[in-house]
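J.: Encoded as structure tokens, here's the structure I'll be asking about.
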Amino acid sequence: MSHNGVLFLDELPEFTLQVLDSLRQPLESGETSIVRANYRVTFPSRFQLIAAMNPCRCGMAGEPGHACKRGERCVTDYQGRLSGPFMDRIDMRIEVPAISAADMITVNHGEASEKIAQRVLRAREMQAARTKDAMADPDLAERLKSSSGFTNASASAALVEIIAAPDAGGEKLLRQAAETMKFSARAYHRILKVARTIADLDGAETVGRIHLGEAIAYRSVNSRLAIAA
Ligand SMILES: [Zn+2]
């Protein structure tokens, strides 16, 4: 039902392991297959997963002056309910501090949604034009045939390597981070995609060190709120 839309899961670790594992296939392929004894049905299910969670069962870990009754285990047990392979598919993890009453009094309007929407639209147009160009190249046609759609998110690994190739500084940073953080091959392509999108929102032609740095930071935050691009 969330095909071409957003799937929002609140209190992510409260879902059973089975439910979370069943999301891995659609997150990877954009399809869900249901297999029964005599038949198999495949449904399209390309969605953006947005999930929210507390840092621990009691919800208070990390708050200044708070100590969980169950100590460290309150955090480790709760976050341990999300498997490594599942979390590997979450591209952006953002910690959101609690809002105090004092924060509510301070008026901070920030950037208007209309302005942000224009920037997003421009980035999507850039992505579509770039992807169409790459796919029109007869030399690349064979390598790119598995890519679907025109956004960075829908690009295949082969296409990502072409459209998100970083400059020398970016490549160096990526190499260092891959060694220290031990990325999977999947994470590597996903970081490139996010960095490409950050560069697009910046209006930048090439993926640079600053864009990759931001994309890597989103993956390394241990989070309360997780977003899969
Ligand atoms: Zn706790």
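J.: With a ≥ b ≥ c the root eigenvalues of the C-alpha gyration tensor of the stretch 1-124, is it rounded (a/c under 1.5), prolate (a/b larger than b/c) or oblate? All intermediate terms of the calculation are to be shown ahead of the outcome.
T.: Details: a/c = 3.16, a/b = 1.25, b/c = 2.53.
Taking the square roots of the gyration eigenvalues as a ≥ b ≥ c, the stretch 1-124 is oblate.
J.: Another one. Please list, ordered by chain and number, the residues whose modelled amide H lies under 5 Å from the amide H of residue 93; skip anything fewer than 5 residues away on the same chain.
T.: Residues meeting the amide H criterion: 219, 221, 227.
J.: Taking the Cα atoms only, what angle lies between the long axis of helix 185-202 and the longest principal axis of the chain, rounded to 10 degrees?
T.: 80 degrees
J.: Moving on. Suppose R0 equals 35 Å. What FRET efficiency, 1/(1 + (r/R0)^6) with r the Cβ-Cβ distance, do residue 106 and residue 33 give to the nearest 0.05?
T.: 0.10
J.: Over all distinct alpha-carbon pairs, what is the Kirkwood Rh of the chain in angstrom?
T.: Taking every pair of different Cα atoms in the chain, averaging 1/r and inverting gives 19.7 Å.
J.: Another question about this same structure. Give me the lysines in straight-line cross-link reach of residue 115: C-alpha distance below 27 Å, same-chain residues under 8 apart excluded.
T.: 132, 193
J.: A follow-up question, please. Tilt of helix 168-181 relative to the longest C-alpha principal axis of the chain, in degrees (0 to 90, nearest 10)?
T.: Approximately 50 degrees, to the nearest 10.
J.: Between the helical axis of 113-136 and the dominant principal axis of the chain, each derived from Cα atoms, what acute angle in degrees is found, rounded to the nearest 10?
T.: 40 degrees
J.: Once you measure Cβ to Cβ distances between cysteines in the chain, which Cys have no partner under 4.7 Å?
T.: Isolated Cys, the chain: 58.
J.: To continue, here is another question. Let me have the 222 nm mean residue ellipticity of the chain computed from DSSP H runs of 4+ only, each contributing -39500 (n - 2.57), with the sum over all residues rounded to the nearest 500.
T.: Only helices count here, giving -13500 deg cm²/dmol.
J.: Between residue 180 and residue 19, what's the calculated FRET efficiency when r is the beta-carbon distance and R0 is 30 Å? Round to 0.05.
T.: Details: r = 33 Å, r/R0 = 1.09.
FRET efficiency, residue 180 to residue 19: 0.35.
J.: Add +1 for every Lys or Arg and -1 for every Asp or Glu among the other residues with Cβ under 13 Å from the Cβ of residue 143, and state the total.
T.: Charge balance near residue 143 sits at -3.
J.: Moving to a separate point now. Would you mind counting up the charge near residue 180? Only other residues with Cβ under 14 Å from its Cβ, with Lys and Arg at +1 and Asp and Glu at -1.
T.: +3
J.: Given a 10 angstrom Cα cut-off, can you work out which residue in 28, 114, 171 is the most mobile in a GNM of the chain?
T.: 114
J.: Which residue fluctuates the most in the chain, going by a Gaussian network model with Cα springs under 10 Å, if the choices are 152, 38, 54?
T.: Of the options given, 38 has the highest mean-square fluctuation.
J.: With Cβ to Cβ distances under 12 Å as the rule, what net charge do the other residues near residue 194 carry (K, R +1; D, E -1)?
T.: Charge balance in the 12 Å sphere: +2.
Bear in mind these aren't lab numbers, they're just calculated from the coordinates by the rules spelled out. Note that this is a predicted model, so its numbers are computed, not measured. In this analysis, Cβ positions are derived from the backbone assuming ideal geometry, glycine residues included, and neighbour counts consider all displayed protein chains.
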